[in-house]
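Written out below as structure tokens is the structure these notes cover.
The values are calculated or read from the model by the stated rules, or taken from the named source; none is laboratory data. All values derive from a computational prediction rather than experimental measurement. All Cβ positions, even for glycine, are placed from backbone atoms using ideal geometry, and neighbour counts span all protein chains on display.
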Amino acid sequence: METRDLVIIGGGSAGMAAAISAYDAGVKDILILERGPFLGGILNQCIHNGFGLTYFKEELTGPEFLTRFVEETKKRGIEYRLNCNVTELTKDKTVSFLSQEGAFTVKAKAIVMAAGCYERNAGAIGIPGERPSGVITAGQAQLYLNEYGYLVGKKVFILGSGDIGLIMARRMTLEGAKVLGVAEIMPYSNGLNRNIQQCLIDFDIPLYLSHTVSKVIGSGKLEAIEISKVDDKLRPIEGTAQRIECDTLLLSIGLIPNNDLLDKIGVPVSPTRGSQVSEHMETAIPGVFSCGNVLHVHDLVDYVVEEGKVAGLGAAKYLSGELPTHQEVIKTKAGEGIGYVVPSRIDLLNAEEKVQLKFRVRKPRKDVYVEYRQGDKLIKRMFKPAIIPSEMEIVSLDKSSLSLEGELTVSLVEKEVR
Amino acid sequence: MEDIIIIGGGAVGAFIARELSRYDASVLVLEKENDVGDATSMANSAIVHSGYDPVPGTKKARFNVEGNAMFPRLCEELDVEFEQCGSMTLAMEEGQLPMLDELERRGELNGVPVKRLSGEEVLALEPNVSPDVKGALLCPTAGIVNPFTLVAHAFENAIDNGVRLHLGERVMDVKKGEGFFVVKTDKASYEAKVVINAAGVFSQEIAAMVEDIDWKVNPRKGEYYVLDHFAPGFVNHVLFPLPSEKGKGVLVTHTTSGNYLVGPSSEWVDDKDDRSTDSPTLDNVRAQATNMVPNIPFRQQIRVFAGLRATPSTHDFIIEESKAAPGFIHCAGIESPGLVSSPAIGRYVVEELVKGILPLKEKENYNPRVRKYVRIAALDETEKARLIKENPHYGEIVCNCEKVSLGEIEDVLSRSLPALTIKAIKKRTRAGFGKCQGGFCQPKVLFLLAKRLGVSPLEVLYDRKGSEILNKESK
């Protein structure tokens with residue numbers, strides 16, 4: 001059986017970043033397995049700009065952004081195989097994959113999982129009504145348009161104000177389709193503010209907050225939808241339905257980590273539906289790391305890359321024996337107002353001087369403090385005039401401020417209370 | 001002049017066609033949808049019922065039990081996924097135990113092996129059942145089947161043996177001539193000595209074309225949840241509640257693909273084409289299911305769907321030659337347990353009814369088998385490597401969620417049974433069936449289909465007429 005020091009599953013931005021950082025930290029025997037025909041993953045179909053503002057301090061398109069990482073990967077001579085589909089992973093780190101060349105199993109000393117995510121779709125939310133063609137996820141419409149050159153419809157309504165939907169509202173308008181509106185079930189938008197401005201407001205596309213699609217109509221092709229206002233339990237309110245004639249309903253209702261391979265071998269899962277990881281992005285299996293959208297869904301690729309680098313570095317440390325497993329770790333906890341916290345645990349003995357936490361709030365809040373407490377001890381408190389779920393928060397804590405005593409809880413505290 | 005025309009390409013039509021294909025006869029099947037098994041035969045619980053439940057002495061009881069016995073061999077010949085996992089009918093309250101006695105008695109009268117289990121015995125076999133369970137009726141001969149490949153492979157086998165199938169052709173009228181029938185469709189007109197009505201929920205309308213009938217077929221809708229294959233063994237048997245007036249109730253089962261199915265509801269509807277789901281109904285299905293199995297992980301939901309049962313006003317299958325129009329055979333009102341009964345109905349219709357009208361001579365070269373199907377994901381590593389060496393396309397995974405290869409899709413496209421739509425490919429191969437619901441693989445399937453059918457990608461249909469996916473080329 002072929003053996004490798006490091007196998008990286010997924011050659012998108014997270015996978016390439018992990019490979020580059022592991023290589024630079026001394027790991028030379030690396031194999032990236034990518035299921036698609038190119039490196040770069042989903043960025044290949046993201047031809048709009050807005051990538052790299054944080055990481056490169058300039059605005060790039062998806063393909064421009066990924067190209068920089070492909071060049072860095074190639075420059076180092078890191079091996080990658082395209083059109084390879086990983087079918088199985090075992091706890092003792094064998095990786096089985098298929099390609100037109102054959103069926104292979106590789107024994108890895110360390111693994112980085114970087115398999116990205118997929119879109120929540122009509123089936124997952126059980127959208128009421130019929131199931132005609134024309135109800136399609138925003139990312140799939142983007143794939144048809146940007147990679148294959150076909151537009152899916154001409155009268156379009158969008159459910160969900162996620163960023164891909166917003167980007168597609170503009171993209172399809174520019175292609176000559178009429179985008180009739182966007183319905184968002186929450187009382188606030190779920191996309192980045194800049195996308196609301198540049199993709200909806202600039203094109204006079206109405207955003208219906210606290211609305212959802214209450215019926216899909218059409219037996220062959222979509223003929224119409226009904227949208228309704230929702231109550232505080234997010235249920236459609238009777239008598240508020242309005243019919244909208246359209247041939248396409250784009251769904252931009254969230255992304256889900258594509259974490260099957262780790263789920264199937266019972267690696268503990270976090271509320272993000274990715275695996276539970278340490279500060280080095282190490283899962284519960286020593287030597288198996290996870291990063292990028294397979295771990296938790298990011299809004300900016302810049303942060304995916306940063307996370308990939310942490311995982312790559314973690315893998316390098318593991319391979320050189322510098323990442324031992326300790327029984328005593330700090331568990332993190334999502335407290336009041338917080339949806340999730342990554343990492344799930346901090347191994348203080350392994351941690352760098354700065355420990356990074358990432359989290360999202362459950363709903364938009366104004367004038368709040370974010371508090372980081374370990375047991376009763378206040379580690380850090382930061383004032384936030386506004387904080388929203390669509391933007392991931394990142395904070396660095398000093399390792400010296402932490403101890404092995406008690407859970408580390410992130411929570412929101414009203415300003416008035418203080 | 002055809003010897004026999006079958007109206008309807010569902011499970012009943014499929015097994016009549018396959019039975020007839022053993023004989024020297026010209027057989028034409030007319031199906032209004034763009035694929036076989038595209039209505040009731042597709043959207044059901046996919047259960048091979050044991051037959052303990054139908055009232056003894058009915059056609060339902062007879063064909064269910066006979067059909068069940070045919071499944072192991074049938075599925076082997078037709079290369080269809082089938083698992084004889086057994087079913088349990090659960091009593092959740094003490095007061096329901098006498099009903100289990102009644103079902104046990106019915107099972108014995110119907111000739112079905114049954115066994116009573118205590119609550120503890122149920123929990124030992126099915127740890128995810130509610131600890132409230134008081135007892136169960138275990139039916140070891142019950143099973144689960146892939147309903148999509150069951151119907152498709154039966155038709156493929158029938159076609160390989162000489163049956164002809166017209167998809168997307170709707171029967172508009174049937175007229176009685178002198179010793180033959182004229183069947184008019186939206187595309188052409190045919191003559192046939194024998195016409196078989198296997199038109200599912202529309203079998204009443206087809207029957208009314210040749211005679212005044214005193215029965216009806218009323219559509220009764222069932223809505224379901226499909227969950228992802230999150231963990232094997234969450235449930236191991238088909239779990240039924242006690243049956244009621246409204247049918248067998250909401251069941252919880254695994255499927256042959258390792259998914260889990262929860263449903264169906266039971267609602268009378270007016271529209272025989274109603275395939276819509278609604279949230280209150282599904283919420284109710286969920287509540288009923290969690291009464292039996294409390295911890296069903298509904299966050300693993302990947303799809304909801306609805307199907308229509310062809311419920312007869314007579315409460316039993318209507319399988320007979322028309323008295324007013326001899327030579328015209330009704331197979332109407334085939335509701336549950338229709339899927340399991342269909343092979344036995346096919347055999348009965350041919351042996352007992354058609355042969356009484358037309359002399360049938362057996363073919364010498366009848367082959368009961370379809371060409372073997374290969375699923376790369378089901379092979380061991382050595383077999384995978386050998387197959388990919390033979391045909392590298394089996395190493396290219398198109399559907400990531402269900403691990404369906406290009407080779408498998410190309411195989412389906414090369415078969416005698418046409419696969420004309422994206423949904424047909426989905427039903428045959430599972431490409432697009434998984435958690436992303438075709439988000440990544442649908443374009444690949446669409447362009448493969450366009451190439452195979454020799455049409456523009458703009459013309460490729462998802463399913464029915466008008467269901468094109470693409471609108472125009474980009475600027």
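The set of residues in the range A:139-155 that are in contact with a strand residue (DSSP E or B) (Cβ under 7 Å, 6 or more places away or on another chain) and more than 7 Å from chain B (Cβ to nearest Cβ) comprises A:ALA141, A:LYS155. Residue-level check: of (1) within 7 Å of chain B (Cβ to nearest Cβ); (2) among the aliphatic types (A, V, I, L, M); (3) in a loop (DSSP other than H, G, I, E, B), A:ALA124 misses just (3).
Figure legend. Inter-residue proximity from the range B:265-293: first residues hydroxyl-bearing (Ser, Thr, Tyr), second residues at pLDDT below 95, beta-carbon distance below 6 Å, spacing 6+ or different chains. Indicated pairs: B:SER266/B:LYS246; B:SER266/B:GLY247.
The requirement of being within 9 Å of chain B (Cβ to nearest Cβ) and outside any strand (DSSP E or B) is fulfilled nowhere in the range A:104-113; no residue meets it. Looking across the range B:451-475 at every residue that is within 12 Å of B:ILE425 (Cβ to Cβ) and touching a Ser or Thr at 6+ places or on another chain (Cβ under 9 Å), the one that is nearest to the other protein chains (Cβ to nearest Cβ) is identified as B:TYR462. A single member of B:VAL349, B:VAL340 is crowded, with 17+ Cβ neighbours inside 10 Å, in contact with a helix residue (DSSP H, G or I) (Cβ under 9 Å, 6 or more places away or on another chain), away from chain A (no Cβ under 14 Å) and within 25 Å of B:GLN84 (Cβ to Cβ), and it is B:VAL340. Taking first residues from the range A:75-100 that are within 18 Å of B:ALA385 (Cα to Cα) and among the aromatic types (Phe, Trp, Tyr) and partners that are in a strand (DSSP E or B) and modelled with pLDDT under 95, no Cβ contact under 6 Å between residues at least 6 apart in sequence or on separate chains turns up. Applying the criterion of at least 2 residues that are farther than 30 Å from B:LEU242 by Cβ and out of contact with any Cys (no Cβ under 8 Å at 6 or more places or on another chain) to the strands (runs of 3 or more DSSP E) found wholly in the range B:109-191 leaves B:164-166, B:171-176, B:181-185. Among residues of the range B:177-228 being among the β-branched types (Val, Ile, Thr) and in contact with a Pro (Cβ under 7 Å, 6 or more places away or on another chain), the one that is farthest from B:PRO264 (Cα to Cα) is B:VAL217.
The residue of the range A:170-211 that is surrounded by the most Cβ atoms within 10 Å (Cβ to Cβ), among those that are β-branched (Val, Ile, Thr), more than 26 Å from A:TYR150 (Cβ to Cβ) and modelled with pLDDT of 95 or more, is A:ILE185. Filtered by the rule that a residue be in a strand (DSSP E or B) and at the interface with chain B (Cβ under 9 Å from one of its Cβ atoms), the range A:204-227 gives A:SER214, A:LYS215, A:VAL216, A:ILE217, A:LYS221.
Yes or no, residue by residue, for (1) more than 14 Å from chain A (Cβ to nearest Cβ); (2) small (Gly, Ala, Ser); (3) surrounded by 21 or more Cβ atoms within 10 Å (Cβ to Cβ):
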position: B:VAL238; (1), (2), (3): yes, no, yes
position: B:GLY247; (1), (2), (3): yes, yes, no
position: B:LEU251; (1), (2), (3): yes, no, yes
position: B:GLY258; (1), (2), (3): no, yes, no
position: B:TRP268; (1), (2), (3): yes, no, no
position: B:ASP273; (1), (2), (3): no, no, no
position: B:THR281; (1), (2), (3): no, no, yes
position: B:GLN288; (1), (2), (3): yes, no, no
position: B:PRO297; (1), (2), (3): no, no, no
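Looking across the range B:425-446, just one residue is free of Cβ contacts under 8 Å to residues at least 24 places away in the same chain and more than 10 Å from chain A (Cβ to nearest Cβ), and that is B:LYS426.
Listed residues A:LEU43, A:LEU31, A:LEU39, A:LEU98; which is modelled with pLDDT of 95 or more, among the aliphatic types (A, V, I, L, M) and assigned to a helix (DSSP H, G or I)?
Among A:LEU43, A:LEU31, A:LEU39, A:LEU98, only A:LEU43 is modelled with pLDDT of 95 or more, among the aliphatic types (A, V, I, L, M) and assigned to a helix (DSSP H, G or I).
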